[in-house]
1. According to a simple spin-label model (label point 7 Å from Cα along Cα-to-Cβ), what is the distance in nm between Glu52 and Asp15?
2. Just from its helices, what would the mean residue ellipticity at 222 nm be for the chain, if runs of 4 or more DSSP H residues each count -39500 (n - 2.57) and the sum is divided by every residue, rounded to the nearest 500 deg cm²/dmol?
3. Taking only Cα atoms and a 10 Å spring cutoff, compute GNM fluctuations for the chain and point out the largest among Gly31, Gly86, Gly71.
4. Compute the label zone of Glu101 within segment 1-45: residues whose backbone N is under 11 Å from the point 7 Å along Cα-to-Cβ.
5. With charges only on Cβ, +1 for K and R and -1 for D and E, what is the dipole size of the chain about its Cα centre, in debye, rounded to 20?
6. So which chymotrypsin sites (Phe, Trp or Tyr not before Pro) in segment 1-94 are both in a DSSP loop and have at most 16 other Cβ atoms within 10 Å of their Cβ?
7. Give the accessible area for Val27 in Å² (nearest 10); use a 1.4 Å probe, count only protein heavy atoms, and leave out ligands, DNA and RNA.
8. If you look at just the Cα atoms of segment 1-98, how large are its Rg and its Dmax in Å?
Amino acid sequence: MAGEALSRVPDVQIDGGGVFKYVLLRVRGAGTPHKDIVRGHGWAEYHADLFERTAEELARHGLSCECLGGGRLAHRPEERKIHVYGYSVGFGRADHAVTTEKLKAEYPNYEITWADEGY
């Protein structure tokens, strides 16, 4: 059951455009392998806001998560570009290479870049 719940969790959920915070999360179900997901939204004042809301949603399905780090996304849909950069003061820098691969799978027609510099 946890494996089925885990398979239904989208790999990527981000806003349709703008610059906003994101977190890279590792999701687990009891006795199942883990899965890394990306969540990024402009409503979040802090990276912890993204983590807490996602953790609550996952818990309703018997899943748990841990935050692997955060950063920022600059999503420019009119140009088909997403840039991954920065870090989270509370959670540290996410592995932007992992985030970029997740985004490329979700947005195959986009140019997706990343850099460790910037906040």
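The values are calculated or read from the model by the stated rules, or taken from the named source; none is laboratory data. These figures come from a predicted structure and were not determined experimentally. Here the Cβ positions follow ideal geometry from the backbone for every residue, glycine too, while neighbour counts run over all protein chains shown. Please note that ligands, DNA and RNA were not included when accessible areas were found on the heavy atoms of the full protein model with its side chains. Shrake-Rupley method; radii C 1.70, N 1.55, O 1.52, S 1.80 Å.
1. In this crude spin-label approximation the distance works out to 1.9 nm.
2. Values: 3 runs with 30 residues, N = 119.
It comes out at -7500 deg cm²/dmol, rounded to the nearest 500.
3. Its mean-square fluctuation being the largest, the pick is Gly31.
4. Of the residues in segment 1-45, 36 have backbone N under 11 Å from the label point off Glu101.
5. On the way: 15 positive and 18 negative charges, 32 e Å.
Dipole size: approximately 160 debye.
6. On the way: sites: Phe20, Tyr22, Trp43, Tyr46, Phe51, Tyr85, Tyr87, Phe91; in loops: Trp43, Tyr46, Tyr87, Phe91.
Here the chymotrypsin sites (Phe, Trp or Tyr not before Pro) that fit, given the DSSP loop and packing criteria, are Trp43, Tyr46.
7. Val27 has an accessible surface of roughly 0 Å² with all protein chains in place.
8. Reported Rg and Dmax, both Å: 13.4, 42.
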